[in-house]
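Student: The structure under discussion is supplied below as structure tokens; questions concerning it will follow.
The values are calculated or read from the model by the stated rules, or taken from the named source; none is laboratory data. All values derive from a computational prediction rather than experimental measurement. Cβ sites come from the backbone with ideal geometry, for glycine too, and all protein chains shown count toward neighbours. The area values use the complete protein model at the heavy-atom level, side chains included, leaving out ligands, DNA and RNA. Shrake-Rupley method; radii C 1.70, N 1.55, O 1.52, S 1.80 Å.
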Amino acid sequence: MNAKKVIIDCDPGIDDALALMLALRSPELEILGITVVSGNVPAKKGAANAQKVLHWMNQPDIPVYLGEELPLVRPYVDAMDTHGEDGLGESHYPEITNGTINTDGVGFLARTLHEAAQKEEPVSIIALGPLTNLARLVQNDPESLAGLGELISMGAAARAMETALRWQSTTTGVIRMPQKLYIVHLKNCLFYRTNRIHMVGLDVTRKIVLTPDILEYMCCVNPQMGERIRNITRFYFDFHWKQEGIIGCVINDPLAVAYFIDRTLCSGMEACTRIATEGLCIGQSVVDRFDFWKGHKNSYILTRTSPLSFMQMFFDRVLGVPEKTSLPMLEQIMKGDVL
């Protein structure tokens, strides 16, 4: 198998941790490094959490790089009310003391992409957090993007504006969405230097819900991994119940990794897209679904997914349960969700 070379840019974060677990157990990916940005938690805490996940998954040799610690435009607002003071649901797993957190994540991105361009072996980026690292890369070294393969970005929404606003309102009262995508649209930096951004937005990610029944099934089939997932998501469960009345928790980021691995998990549309960066609609994804603007189709917007197929992949990779084995139980639990 020819694994795809990829860098994961993230802000761990509970769902980032789950996404890293999936990526680290997927032979289709050759993870060159993990770059961390301030988002769910400050970057230094996120980098430490990335190290914890690497330790859990027995892959401590993948390098972790500390990236940008502050947004470029807006004041930094964390989401520790959602993810806990430690970013991993206040599970308080011990710090990894025998690992190294590298500095200059943006420099690592630039060097890796330049080398990729020279070798004509593009490197893709799965961006799970705010895009500050990529924005700084564009400012410092735009020519490095010649080595970029695909950009998969978890964020925004095409149709679910009411959902997006609800999600925004639950993060300490501050709308955080522009920190994910503002530089891309405001300055046209990435959309016009890459072929296309794949936007894995709330239209699809909010359909991926880890319910109590699914969690119990995880703990039955793989007690060690299941209990670890239980420990880091308990806080997340409580948050979703208090804020939205959801029994379970939405796990956004793992779907971006799953989609990069298997494009049949989601479907969508090509469109010209902008992000509102000010005013009443700040943070809204403005997607020209009907090509009214006749603009450059700079994004592939995901609009549908199969939660059942995603969970089968997650159980197969992370918990070691083959898809055919997990299917009957997941169908019973999930009532046969389909694309």
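Student: With no solvent and one equal point scatterer per Cα, compute the Debye intensity ratio I(q)/I(0) for the chain at 0.09 Å⁻¹ and report its log10, rounded to two decimals.
Tutor: Reported log10 I(q)/I(0), two decimals: -0.43.
Student: Additional query: Report the Cα-based extents of region 13-65 along its three principal axes, largest first, to the nearest Å.
Tutor: Computed over region 13-65, the largest-to-smallest principal extents equal 30, 19, 17 Å.
Student: Ordering Phe237, Phe290 by accessible area with a probe of 1.4 Å, largest first, what comes out?
Tutor: Reading off the accessible areas and sorting them downward yields Phe290, Phe237.
Student: Where Rh is the Kirkwood radius over the Cα pairs of region 247-317, the temperature 25 °C and the viscosity 0.890 mPa s, what D in µm²/s does Stokes-Einstein return?
Tutor: D = 173 µm²/s.
Student: Which peptide among 298-304, 238-244 comes first, and what is the full order, when sorted by highest mean count of other Cβ atoms within 10 Å?
Tutor: Going from most to least packed, we get 298-304, 238-244.
Student: Let me ask something else about it. Take the Cα pairs of region 198-339, get the Kirkwood Rh, then feed it into Stokes-Einstein at 20 °C and 1.002 mPa s and tell me D in µm²/s.
Tutor: D, rounded to a whole number, is 129 µm²/s.
Student: What do you get for GluC sites (Glu not before Pro) in region 34-103 restricted to DSSP loop and a cutoff of at most 15 other Cβ within 10 Å of the site's Cβ?
Tutor: Answer in residue order: Glu69, Glu85, Glu90, Glu95.
Student: Please report, as a whole percent, how much of the solvent-accessible surface of region 54-134 comes from carbon and sulfur atoms (probe radius 1.4 Å).
Tutor: Taking all protein chains in place, region 54-134 shows 48 percent carbon and sulfur surface.
Student: Quick one: ranking Tyr259, Tyr76 by accessible area, 1.4 Å probe, largest first, what do you get?
Tutor: The residues order as Tyr76, Tyr259, largest area first.
Student: Roughly how many Å² is the accessible area per residue of the chain, as a whole number, for a 1.4 Å probe?
Tutor: Heavy-atom accessible area per residue stands at 41 Å².
Student: Could you order Lys45, Lys119, Lys4 by accessible surface area, starting with the largest, using a probe radius of 1.4 Å?
Tutor: The ranking, largest first, comes out as Lys119, Lys4, Lys45.
Student: What does the highest-first list of 14-20, 29-35 look like by mean Cβ count within 10 Å?
Tutor: 14-20, 29-35
Student: Still on this structure, please answer the following. Note down the nm distance, to one decimal, between modelled labels 7 Å out along Cα→Cβ at Leu280 and at Glu227.
Tutor: Placing both labels 7 Å beyond Cα along the Cβ direction yields 5.3 nm.
Student: Rounded to the nearest 20 Debye, what is the dipole magnitude of region 191-279 about its Cα centre when Lys and Arg each give +1 and Asp and Glu each give -1 at the C-beta?
Tutor: In total the dipole reaches around 240 debye.
Student: Among 202-215, 99-112, 126-139, how do they line up from the highest to the lowest mean number of other beta-carbon atoms within 10 Å?
Tutor: Answer by packing, highest mean first, reads 126-139, 202-215, 99-112.
Student: For region 19-122, just the Cα atoms, rotate onto the principal axes and tell me the three extents in Å, largest first.
Tutor: Each principal axis gives a Cα extent; for region 19-122 these are 43, 37, 24 Å.
Student: Tell me the mean residue ellipticity at 222 nm calculated for the chain from its helices only (DSSP H runs of n ≥ 4, each -39500 (n - 2.57), averaged over every residue, nearest 500).
Tutor: -12500 deg cm²/dmol
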